[in-house]
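Structure first, then comments.
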Amino acid sequence: MQCHFGQDTMTFSRMGAKATGIDLSDKAIERAREFASKLNLDTTFVCCDIYDTPKYIDEKFDIVFTSFGTIGWFPDLDKWANVVSHFLKPEGKFIMADFHPVVWMYDNDFKEVFYHYFNVEPIIEEETGTYAEKDAELSAKTIGWNHPISEILNSLINSGLEINCFNEYDYSPYNCFNETEEFEPNKFRIKNFGNKIPMVYSIKGTKK
């Protein structure tokens, strides 16, 4: 779910899975298809709104996977979780990793608590650069939502999933924030915070 240009989806294909990736961006899906073709991978990509995915795909899956930077674009997690549940076979597994909502409470330079932990209003920002290239000469207005852990877990539970495992981590595997330091190879923390805040969480659930 929200596969962008399909890197994770194609990784599943390389591991032997029959994988399908979904994303809203027509440009991202176009590029994903190009990469899959060049790599001679049998990977399917579908361009659609995640909420509307059941209209485009009839299959059920053993695994539904989503990762970093996905659910913050959704105002309604119950609708999102229902899509997750819809596509899982009985006893199918849902796997998720994402940045912790505590991280999104701070301003971009982690100087002060700027936003609500709870989902009380949209977060509207004017930003320059991108998460992939901070210095890119691009600017955009973004609208997102911060979802507390309780909202995430309860949306999945209410959709019919049993939560098997929930973990929190005090580092990010990506250097995509300001004011970071690499304390171990490919592990990044906010300089002023050290290991005092959670930066990433993971969830594993099973369709009942």
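The values are calculated or read from the model by the stated rules, or taken from the named source; none is laboratory data. Computed from a predicted structure; not experimentally measured. Cβ coordinates were reconstructed from backbone atoms using ideal geometry, including for glycine residues, and neighbour counts include every protein chain displayed. Each accessible area value is taken on the protein alone, full model and side chains, heavy atoms only, with ligands, DNA and RNA left out. Shrake-Rupley method; radii C 1.70, N 1.55, O 1.52, S 1.80 Å.
Within the range 83-127, restricting attention to residues that are charged (D, E, K, R) and open to solvent by 90 Å² or more (accessible area, probe 1.4 Å), the residue that is farthest from Glu168 (Cα to Cα) is Glu126. Of all the listed residues (Ile124, Ile152), the sole one being β-branched (Val, Ile, Thr) and either more than 20 Å from the chain's Cα centre (by Cα) or modelled with pLDDT of 95 or more (or both) is Ile152. Scanning the range 6-18 for residues that are under 24 Å from Asn82 (Cα atoms) and surrounded by fewer than 20 Cβ atoms within 10 Å (Cβ to Cβ) returns Asp8, Phe12, Ala17, Lys18. Selection over the range 19-58 of residues that are assigned to a loop (DSSP other than H, G, I, E, B) and either surrounded by fewer than 14 Cβ atoms within 10 Å (Cβ to Cβ) or not hydrophobic (A, V, I, L, M, F, W, C) (or both) gives a count of 8. For Cys176, the conditions (1) open to solvent by less than 70 Å² (accessible area, probe 1.4 Å); (2) at pLDDT 95 or above; (3) under 19 Å from the mean Cα position of the chain (by Cα); (4) not small (Gly, Ala, Ser) all hold with the exception of (2).
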